[in-house]
1. If B:CYS119 satisfies every condition in (1) more than 8 Å from every other protein chain (Cβ to nearest Cβ); (2) without any contact (Cβ under 8 Å) to a residue 12 or more places away in the chain; (3) open to solvent by less than 20 Å² (accessible area, probe 1.4 Å) but one, which is the exception?
2. For segment A:59-67, check the following and say yes or no: at least one residue is away from chain B (no Cβ under 13 Å), within 16 Å of the chain's Cα centre (by Cα) and not in a helix (DSSP H, G or I).
3. Give the residue, chosen from A:TYR166, A:TYR161, A:TYR220, that is within 14 Å of another protein chain (Cβ to nearest Cβ) and of a type in the set (Phe, Trp, Tyr).
4. Within segment A:224-239, is there a residue that is in contact with a helix residue (DSSP H, G or I) (Cβ under 6 Å, 6 or more places away or on another chain), surrounded by fewer than 20 Cβ atoms within 10 Å (Cβ to Cβ), within 14 Å of chain B (Cβ to nearest Cβ) and under 18 Å from A:ALA76 (Cα atoms)?
5. Tally up the residues in segment A:184-232 that are in a loop (DSSP other than H, G, I, E, B) and over 21 Å from B:LYS122 (Cα atoms), please.
6. Considering segment B:122-174 alone, what residues qualify as being over 18 Å from A:GLU202 (Cβ atoms), hydroxyl-bearing (Ser, Thr, Tyr) and crowded, with 22+ Cβ neighbours inside 10 Å?
7. Can you tell me which residue in segment A:75-97 is farthest from the other protein chains (Cβ to nearest Cβ), limited to those that are surrounded by 17 or more Cβ atoms within 10 Å (Cβ to Cβ) and more than 22 Å from A:GLY190 (Cα to Cα)?
8. Tell me which residues, restricted to segment A:31-58, are open to solvent by 40 Å² or more (accessible area, probe 1.4 Å) and either within 14 Å of chain B (Cβ to nearest Cβ) or acidic (Asp, Glu) (or both).
Amino acid sequence: MKKAAERKKTKSVGLSAGTGAGSLSQEDPLLEGRLQELLGVAMRAGASDAKVISSADVVLDPRVRLKCLIPRCSAAGTCVHCPPDGLPLQETAAVISRYRKGIFFRVVVESELVSGPVVSEAIARKGAGQNRAALMLLGAYYLLVLQIAALLERRARQWGYEPSGYGAGTCRDVLCLFQPHCRALLTPRGCRHPDLSRPSMESCGMDVYTMGANVGWDIYPVGGSVRPEDVPKGSLMGLVLVA
Amino acid sequence: MEVARIRATRTDLERLKKDAEALCRQALEEGAKDARVIPCRDLRFRKAKRTGGGRTQAGAKPSLHWPSPAYPLDSLREGLGRYRLAVVFRLEAEGSGPEKDKEALERLYRLVSRLESACFYKGYHLALGLASGNCRDVFCSSERRCQAMIKGKPCLHPNKARPSIEACGLDPAVLAASLEPGRGAKKGRQASPGLLGMVFVD
């Protein structure tokens with residue numbers, strides 16, 4: 001009986017999030033506890049760190065989407081979520097303004113998997129060439145980020161919220177690498193993996209590196225021009241805006 | 001290579017100036033003829049007409065980045081407007097002729113990439129470099145078309161292809177003049193600014 005009343009109460013709160021989250025945290029005394037529970041879910045699912053953040057902590061910068069295009073990323077233009085497609089900055093800002101709190105998490109990746117010319121070349125050539133096994137392992141980490149985001153969203157939805165999740169990198173290389181194209185981008189049939197596919201934080205214009213540094217994580221730039229031994233670790237980050 | 005941890009706060013202007021000056025030195029060491037730090041607030045964008053990649057000079061091959069980037073110019077300018085300092089540099093072409101021109105452009109694209117990369121690993125993760133000319137002439141001159149212009153297809157040279165300074169609406173003549181303080185932008189026959197590259201640091 002008590003549980004049913006609680007469920008009913010949350011449902012009404014969750015619905016209100018979609019129509020303007022104004023003073024949601026004051027209206028929802030359960031929210032803080034639930035965010036803490038979601039932190040636990042993220043950690044148990046494989047996140048290395050997770051933090052509750054305010055939506056005001058999401059850093060938006062028009063230069064981030066520009067960086068997907070200049071120089072051109074191997075995923076740009078090939079996935080419905082990636083620039084020049086995907087959510088423009090203004091729309092992302094509008095979405096974020098509907099939320100007050102979210103779960104920001106990261107998955108730490110060994111530096112050998114995300115740095116060095118061989119890895120960089122393999123990513124650019126979609127797995128062709130050397131180091132294919134390492135690339136598949138890196139793909140598994142990206143998939144983990146998408147899975148954590150999907151899991152947190154599902155849990156929040158069960159409580160009646162309308163969460164919005166974001167992953168890392170392009171979902172095309174993780175979920176549809178062996179498909180000829182992103183179906184959602186080129187056909188009206190939509191995404192092949194709507195349960196897991198999410199835009200990356202960066203594809204929506206969020207400055208993920210700065211956000212990670214702001215919550216105290218040690219974030220290092222990684223890429224093809226740096227040796228793995230020069231970087232302590234790589235970080236893949238995701239975000240689920242909850243309420 | 002030393003890799004800097006990403007900073008939580010925006011780099012203060014003094015430090016940014018020092019790092020940009022160091023980038024100028026690197027540009028000169030790596031073959032640039034001139035290099036200078038410029039404040040981005042002074043940049044003026046020309047009103048560029050979108051050509052749709054089709055209406056170009058006779059014989060010219062359009063690409064995703066040239067004669068105008070095939071993505072919203074407004075967001076491009078909004079993004080570039082966020083930077084505080086940039087480094088402009090010029091390479092000297094060695095000889096003339098199509099092969100020499102291509103070699104010179106290749107050198108320019110390589111140098112822009114290296115300088116952008118240097119900024120990135122110093123913790124300026126949003127550093128962004130622009131080159132000169134058409135990336136298609138450098139990387140895809142033997143291709144029948146620029147593959148990235150086909151919806152859903154990736155660029156054949158990711159992480160290397162980039163737009164030119166002029167394609168983004170910046171006036172190369174004005175930037176070239178900034179390399180020679182005290183002299184205005186050249187006009188007429190002397191207007192050719194040479195092989196200019198530019199890296200927006202932060």
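1. (2)
2. To start, the set of residues in segment A:59-67 that are away from chain B (no Cβ under 13 Å) comprises none.
Among the residues of segment A:59-67, not one is away from chain B (no Cβ under 13 Å), within 16 Å of the chain's Cα centre (by Cα) and not in a helix (DSSP H, G or I), which makes the answer no.
3. Being within 14 Å of another protein chain (Cβ to nearest Cβ) and of a type in the set (Phe, Trp, Tyr) holds for just one of A:TYR166, A:TYR161, A:TYR220, which is A:TYR220.
4. yes
5. Applying the first criterion (in a loop (DSSP other than H, G, I, E, B)) to segment A:184-232 yields A:187-199, A:201, A:205, A:207, A:215-227, A:231-232.
Of the ones still in play, those that are also over 21 Å from B:LYS122 (Cα atoms) are A:187-199, A:201, A:205.
Residues in segment A:184-232 being in a loop (DSSP other than H, G, I, E, B) and over 21 Å from B:LYS122 (Cα atoms): 15 in total.
6. Across segment B:122-174, the qualifying residues are B:SER132, B:SER164.
7. In this case the residue turns out to be A:ILE96.
8. The answer is A:GLU32, A:GLU37, A:ASP49, A:LYS51, A:ASP57.
The values are calculated or read from the model by the stated rules, or taken from the named source; none is laboratory data. As the structure is a computational prediction, the values presented were derived from the model and not from experiment. Don't worry about glycine lacking a Cβ; one is built from the backbone with ideal geometry, like all the others, and counts go over all protein chains shown. Heavy atoms of the whole protein, side chains included, go into the accessibility calculation; ligands, DNA and RNA do not. Shrake-Rupley method; radii C 1.70, N 1.55, O 1.52, S 1.80 Å.
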